[in-house]
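One structure is given here, and the rest of the page talks about it.
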Amino acid sequence: MSYPVAIAVSSVQAALNDSQWDALIIVASSFTAVTELQQEIDAAAAVDHRIGKETVLLLSGKAPGQRLVLSPTGPLDRDYDDVRGFYDAAKQGISQAKAAGAKSPALYVIAPDSDAYQYAAEVAYLGACQALWQPLEGREARGEATIEPVIAIGVIAVSEQQASYMSAVEAGKRVARDLCGTEPERMAPRRFADYCVETFAGTDVQVSVETKVDVLQKEYPLLMAVARCSLQVDRHKPAVIRLEYQGEGQIEHTLLFAGKGLVYDTGGADLKIGGGMAGMSRDKGGAAAVAGFLKTVAVLKPKGLKIIAEIGAVRNSIGADAFVPDEIITSHAGVRVRIGNTDAEGRLVLADLLSHLREDAKTAVNPTLYSIATLTGHAARAVGPYTALVENGAARRIGLSADLAMTGDLWADPSEISRSRREDFSFIKGRTSADDLLSCNNAPSSVTPRGHQFPMAFLVAAAGLDQHALNTEQPLPYCHIDIAGSGVDGGDWQHGKPSAAPVAALAAYYCL
Ligand SMILES: [Zn+2]
């Protein structure tokens, strides 16, 4: 698997002099301060008023490959502007360069001198890579070199260290996009596991895959309720994938991630109808992001950090053996869960993974737990194209969500913070003596008040994390990350490119 790595180029002049490059893309809010090319740009602007307003490609005598792409960010100084201006403009610019035949363009970013834009060059590179990525099945069918011809991007005026860092983040984002964006048979549970084994081979990330049905049934009873119907088809059988990383030196921080990997979600017996099923191969975006973040970690090898991740790769099928609402299933943490709706399956998968991670966390150094999932339509309805963060008391005490959101703002990987409330815990309480918890109501989450917050309460209770609340002997910080709004470009779950959220934010928070 190759991808356009970032190569540090010292200056615009160095790019103009180096035949390695075959285009120059300039991303800026205006093009009035590019000394080396100002005459050409001014002459072109005199006859083409699009310059500075939309992305244009100019024939240039000086630019490498004679291709000069000017991609404007638009205004950057209004209250609501952020570094995504660079992300989006770089996407436009690289798309023009690629369409024109460039294979190794150089990228020059002119950013305002302010904290909000301190990573503009990195963000522009990541935006370019987002535009260049093509789906795994497409690459396998047509050849990677054919549909992904750009092999390197020269990033001007960044250090070698910055270039390595941004390349490592893209390596992780690429894994996340591949795992999320692939059709349900190509990325059936065990093939998802195979991809992980392959991508982490020879790295410091250890992969173990559990596929034994009897073991899974004992250790992950809620997950296996979701998977039950899939057992009839060999190639759809579930897998729990465990990824572990231990950095050099004394461990100062342990991260524990649960990833929702619904390789296909039919809804189960509560079948998705009216066209609502298309795109549900992307219901593994949380698991994909977890694996993607670990890929970045595998490249960067941060010291003093330990990570344990569990991914539930499962298919929610419909058939004679499908689980149905009203069933009561005892979770790994010993909590009796009444199934409210079989389409609310992600929280069942995550609860057992989190319960195992809770046990790991008890003896870990300075642990923080996360779940990442395309969990609820409500998250997309409530916060639009942003990631939704819902944290527990211990996480709030250390300002976890606030820090993560602030970091994400600098990396074009933004989040909104949602508060966990008492109503969320009331909502999921068992209604009879037969059950401790109700997994979900029967209306779509998008029309349910607090539809993305209350599932976090369910996860806390079903995974036994309520034994680690602020009022206990060992509070454990936990943050639930819902990427249902942010997981694909443009919110188009059927055709949009996976965005790999929140890989860039996590990488910046823990590895920079
Ligand atoms: Zn579902």
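The values are calculated or read from the model by the stated rules, or taken from the named source; none is laboratory data. No experiment lies behind these values; they were computed from the predicted model shown. Glycine gets a Cβ as well: all are built from the backbone with ideal geometry, and neighbour counts include every protein chain shown. The accessibility values were calculated without ligands, DNA or RNA, using every heavy atom of the protein model including side chains. Shrake-Rupley method; radii C 1.70, N 1.55, O 1.52, S 1.80 Å.
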Taking only Cα atoms of region 1-144, the Rg to Rh ratio with Kirkwood Rh works out at 0.97
Rounded to the nearest 10 Å², the accessible area of Arg50 using a 1.4 Å probe with every protein chain kept is 110
The answer for Gly247, listing residues at least 5 apart or on another chain whose modeled amide H is closer than 5 Å to its amide H, is Gly304, Leu305, Lys306, Ile307
Output row, site Gln474, 7 Å Cα→C-beta label point, backbone N cut-off 14 Å, window region 342-363, residues 355-363
Going through Lys53/Lys497; Lys173/Lys429; Lys218/Lys306 one by one, the pairs whose alpha carbons sit over 31 Å apart turn out to be Lys173/Lys429
The base-10 log of I(q)/I(0) that the Debye equation returns for region 268-324 at q = 0.15, 0.24 Å⁻¹, one scatterer per C-alpha, is -0.63, -1.02
Calc'd 3J(HN,Hα), region 209-215, phi into Karplus 6.51 cos²θ - 1.76 cosθ + 1.60 (θ = phi - 60°), Hz, glycine/Pro = x, comes to 10, 9, 10, 5, 4, 5, 5
Between Leu16 and Arg421, Cβ-based FRET efficiency (R0 51 Å, step 0.05) works out to 0.35
Expressed in square angstrom to the nearest 10, the accessible area of Glu423 with a 1.4 Å probe stands at 100
For region 5-158, the per residue accessible area (1.4 Å probe, Å²) is 44
Val233 and Glu137 label points (each 7 Å along its Cα→Cβ direction) are spaced in nm at 1.3
Cross-link reach from Lys98 to aspartates and glutamates, straight Cα distance under 16 Å and at least 8 residues apart if same chain, gives Asp22, Asp88, Glu144, Glu148
Quick tally, 1.4 Å probe accessible area for Ile328, Ile151, sorted with the most first, runs Ile151, Ile328
For Lys295, counting only aspartates and glutamates whose alpha-carbon sits under 16 Å away and dropping same-chain residues fewer than eight positions off, the answer is Glu170, Asp178, Asp194, Glu198, Asp204, Glu244, Glu310
Whole-Hz Karplus couplings 3J(HN,Hα) for region 409-425, θ = phi - 60° and coefficients 6.51, -1.76, 1.60, Gly and Pro as x, run 4, 7, 10, 6, 9, x, 10, 10, 9, 10, 8, 7, 10, 4, 4, 5, 6
Counting only DSSP loop positions in region 21-130, the chymotrypsin sites (Phe, Trp or Tyr not before Pro) whose Cβ has at most 13 other Cβ atoms within 10 Å are Tyr80
The ratio Rg/Rh over the Cα atoms of the chain, Rh being the Kirkwood inverse mean 1/r radius, stands at 1.00
Here region 385-400 yields Karplus 3J(HN,Hα) values (6.51, -1.76, 1.60; θ = phi - 60°; whole Hz; Gly and Pro given as x) of x, 10, 7, 9, 10, 10, 10, 8, x, 5, 6, 5, 4, 9, x, 4
